[in-house]
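Let me begin by presenting the structure, written as structure tokens, before commenting on it.
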């Protein structure tokens, strides 16, 4: 155990830093794209609703590891080459956005129809209703679902090692192959992941209470 925190402290630090980058970029990208898709899903334009629905149904049911392998090894076959790290981030965004879309759509549907009708009555267009009435209220009910999405993105980042990106899990596997420490190295990684996830959950709970009081 001691060797992990002396000889391999740098490996853990590098892996944790890369995992943090993957998680933050993947989550923010999923939120932005998810919000756009949610706008499509509630749009009065039938074509846009169809695009949003098809996207969600496809990417919500595609395993991230399959998408990663397709992007890394499949796209070069048709002349499209993306570096490993951007490929992982893009794949995380594409999959995460499908779930983010449903989070936003659920929050939007929780708004009483009377408020939307009143906003239209005073002359707000579709995007005005979303900006001024729907999204400000919907976000308050989406705190915990967004935290759950963040945790999902965090855990999915552990698949980056499948394509050679040295995130925390990949670094742990590398250390274990060199030192043959069995489950010890993976236990340390599990504790790190759990600590981040529990911390995010605690922050989400505080924010949820704060927003609930402000209603």
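The values are calculated or read from the model by the stated rules, or taken from the named source; none is laboratory data. What you see is a predicted model; the values in this text were computed from it and never measured. Every residue, glycine as well, gets a Cβ built from its backbone with ideal geometry; the counts of neighbours run over all protein chains shown.
Which helices (runs of 4 or more DSSP H) sit wholly inside the stretch 14-120 and have at least 3 residues that are closer than 22 Å to residue 197 by Cβ, touching a helix residue (DSSP H, G or I) at 6+ places or on another chain (Cβ under 9 Å) and modelled with pLDDT of 90 or more?
The qualifying helices (runs of 4 or more DSSP H) are 64-69, 84-109.
Where in the stretch 132-215 are there helices (runs of 4 or more DSSP H), lying wholly inside it, with at least 3 residues that are modelled with pLDDT under 90, under 28 Å from residue 70 (Cα atoms) and in contact with a helix residue (DSSP H, G or I) (Cβ under 8 Å, 6 or more places away or on another chain)?
In the stretch 132-215, 168-179 are the helices (runs of 4 or more DSSP H) which contain 3 or more residues that are modelled with pLDDT under 90, under 28 Å from residue 70 (Cα atoms) and in contact with a helix residue (DSSP H, G or I) (Cβ under 8 Å, 6 or more places away or on another chain).
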